[in-house]
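As structure tokens, the structure follows; a few thoughts come after it.
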Amino acid sequence: MVRSRSKKQHLIVFTVLLLLFTLLLLKNAWLSDDAYITFRTIDNFVDGFGLRYNIAERVQTYTHPLWMFLLTAFYLLTDEIYYTGIFLSVAVSLAAAMLILVSTSERKWGVLALVALASSKAYIDYSTSGLENPLSHLLFVVFIIHFLKSKPTTRSLLLLSVMTALAALNRLDTILVYLPAIIFFSWRVRGKKKFATLLLGFSPLVLWEIFSLFYYGFPFPNTAYAKLGTGVATGDLIAQGLYYLWQSFTTDPLTLTVIVLSLIVALYRRERHTLLIASGILLYLLYIIKIGGDFMSGRFLALPFLAAVLLLTRLPVGLGKKKIVLLLILLLALGLVSGERHLLSWRNYGSKPLDFIDEKGVSDERGFYFQATGLFSNNQIDRPDHHWVTDAMARRRGGKTVGIKDNLGFFGFYAGRQVHLFDLLGLADPLLARLPAMKPDQWRIGHFPRGLPEGYMETLKRERNLITDPDLAAYYDKLTLVTRGELLNSQRLKEIWNLNIGHYDHLKGAYKQAAGL
């Protein structure tokens, strides 16, 4: 009788917590402009134009293939993207929360975990947004559950390697969080079938990379080339990366505090599984610092924060009711530091969007876009309610055209596929992405503008090579064959190899010289 009553009480507590968590997700729900870059590709794909942003060329403008395919499946059913993107994100985030609650060894740890996640601005903000974070979170929760209880058998190795591959397919750089754990687990498994098992487990990622190389001509998203091959000094990027962590701490102190605490606890306890999870967190943090962080405040910290919470709430430490209450109060107190931007924010959040970008270019993206795309913003018209959408609809009525746009999301989706769009950051353009930034001392993280090569705009408008620099024109010919040529053209397959090994990089010499590199 007592046990039955206890189970009923816990069920009530869990139900109330999940309900509150759901309300918090819905209250803060929004979509980012970057999500609409993927949405345009999905729309083109569903209508038979291939996985392309601009239908004239094969360029991978999204960084999350698995999330893109999941969105596509639901878009096929709904033929609507705004509510589809938001409610799918909420559903996946809730699935992760429910798994955390039911998988913890002690129910009080599940409660603490959920309160911690709810109190993190970074985690809640990117549990929607239309980006891949919700699926990254769910995949990691599933991985940790199985990693902590699995014995070193080939069957367990297969399952864990599949989860790691899916996580990398969802966003490639998140594999760093998994790497120490999967390497150690692989080392512990004995038998001749180990390597065959690993290959089978990682086959989703391997198959995607083969497809990407064949279809797009390159193994990585176009945005990776645009943001990592900029020519900006490594020291400057590291300084920006450290600032990214500091900015997060000043606006959302709970997130980084919990991450750092988990690393300290892991080092102190020296328990194998704890150290492996902590190593993955640290590896990802070092990567964040090296690439300069991101312009979206907290986005890259949401996954390591989740890993830190899972690490801390799985410690075999006994806590009495008083300590549990104190911890809950502390979590909520830290969460309330960013309360006006998170727990306590409501319809008028983001009424002055420019206030949400700091002097270093790091922005509260939810604040910047909430009035345009927030599920419960002040605007009660069709979303997104943004002047970029208005401009796009005007461009759409103008018929087929080529244009430069700083922001490719809302504008690109609503301008229609007849408009060929690119930006000087190179996010959707294969040539600009492979050129260095023209002013490596003048940039915003995630935004590295290129100079427009003379004759390039006319090249796109007339669909023939009019680039005045003969070397760059020759490079573009090779690139065009890969991105616009027939897929099975034997010369195209040869040029894929040549471009990926840098065989033609010398043809960009004049441009680099003009850029001062």
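Looking at the range 409-418, is at least one residue touching a Gly at 6+ places or on another chain (Cβ under 6 Å), on the phi < 0 side of the Ramachandran plot and not charged (D, E, K, R)?
Looking through the range 409-418, none of the residues is touching a Gly at 6+ places or on another chain (Cβ under 6 Å), on the phi < 0 side of the Ramachandran plot and not charged (D, E, K, R).
Say we look at the range 331-341 and pick out the residues that are surrounded by 14 or more Cβ atoms within 10 Å (Cβ to Cβ) and part of a helix (DSSP H, G or I); which of these is nearest to the chain's Cα centre (by Cα)?
R341
With I100, I86, I144 as the choices, which residue is among the aliphatic types (A, V, I, L, M), surrounded by 21 or more Cβ atoms within 10 Å (Cβ to Cβ) and out of contact with any helix residue (DSSP H, G or I) (no Cβ under 6 Å at 6 or more places or on another chain)?
After applying the criteria, what remains is I86.
Which residue, of G398, G374, G412, is small (G, A, S) and under 24 Å from T223 (Cβ atoms)?
G412
With modelled with pLDDT of 95 or more and either under 22 Å from R383 (Cβ atoms) or touching a strand residue (DSSP E or B) at 6+ places or on another chain (Cβ under 8 Å) (or both) as the only criterion, which of L88, L66, L51 stands out?
Only one candidate passes the filter, namely L88.
In the range 268-311, which residue that is aromatic (F, W, Y) and in a helix (DSSP H, G or I) is modelled with the lowest pLDDT?
Within the range 268-311, the match that is modelled with the lowest pLDDT is Y268.
Which fully enclosed helices (runs of 4 or more DSSP H) of the range 168-241 have 3 or more residues being surrounded by fewer than 19 Cβ atoms within 10 Å (Cβ to Cβ) and not hydroxyl-bearing (S, T, Y)?
175-188, 194-201, 203-215
Regarding the range 45-59, can at least one residue be identified that is in a helix (DSSP H, G or I), of a type outside the set (A, V, I, L, M) and out of contact with any His (no Cβ under 8 Å at 6 or more places or on another chain)?
Yes: one or more hits.
Can you name the residue in the range 392-423 that is of a type in the set (K, R) and exposed (fewer than 13 other Cβ atoms within 10 Å of the Cβ) and, of all such residues, is nearest to N54 (Cα to Cα)?
Applying the filter and picking the extreme gives K400.
Could you check, for the range 290-298, whether at least one of its residues is hydroxyl-bearing (S, T, Y), surrounded by fewer than 21 Cβ atoms within 10 Å (Cβ to Cβ) and in contact (Cβ under 8 Å) with a residue 60 or more places away in the chain?
no
Return the residues of the range 342-360 that are buried (at least 18 other Cβ atoms within 10 Å of the Cβ) and part of a loop (DSSP other than H, G, I, E, B); say none if nothing qualifies.
Once the filter is applied, which keeps residues that are buried (at least 18 other Cβ atoms within 10 Å of the Cβ) and part of a loop (DSSP other than H, G, I, E, B), the range 342-360 yields H342, L343, S345, Y349, G350.
Considering only the range 23-36, I want to know if a residue exists there that is crowded, with 17+ Cβ neighbours inside 10 Å, of a type in the set (D, E, K, R) and farther than 22 Å from G130 by Cα.
For the range 23-36, residues crowded, with 17+ Cβ neighbours inside 10 Å, of a type in the set (D, E, K, R) and farther than 22 Å from G130 by Cα: absent.
Looking at (1) loosely packed, with under 14 Cβ neighbours inside 10 Å; (2) touching a Ser or Thr at 6+ places or on another chain (Cβ under 8 Å); (3) not small (G, A, S), which is the only condition E463 fails?
Here E463 clears every test but (2).
Considering only the range 218-247, state which residues are of a type in the set (G, A, S) and under 17 Å from K508 (Cβ atoms).
Those that are of a type in the set (G, A, S) and under 17 Å from K508 (Cβ atoms): A226, G229, G231.
The values are calculated or read from the model by the stated rules, or taken from the named source; none is laboratory data. Here the structure is a predicted model, which is why all the values come from computation and not from measurement. Neighbour counts run over all protein chains shown; Cβ positions are idealised from the backbone, glycine included.
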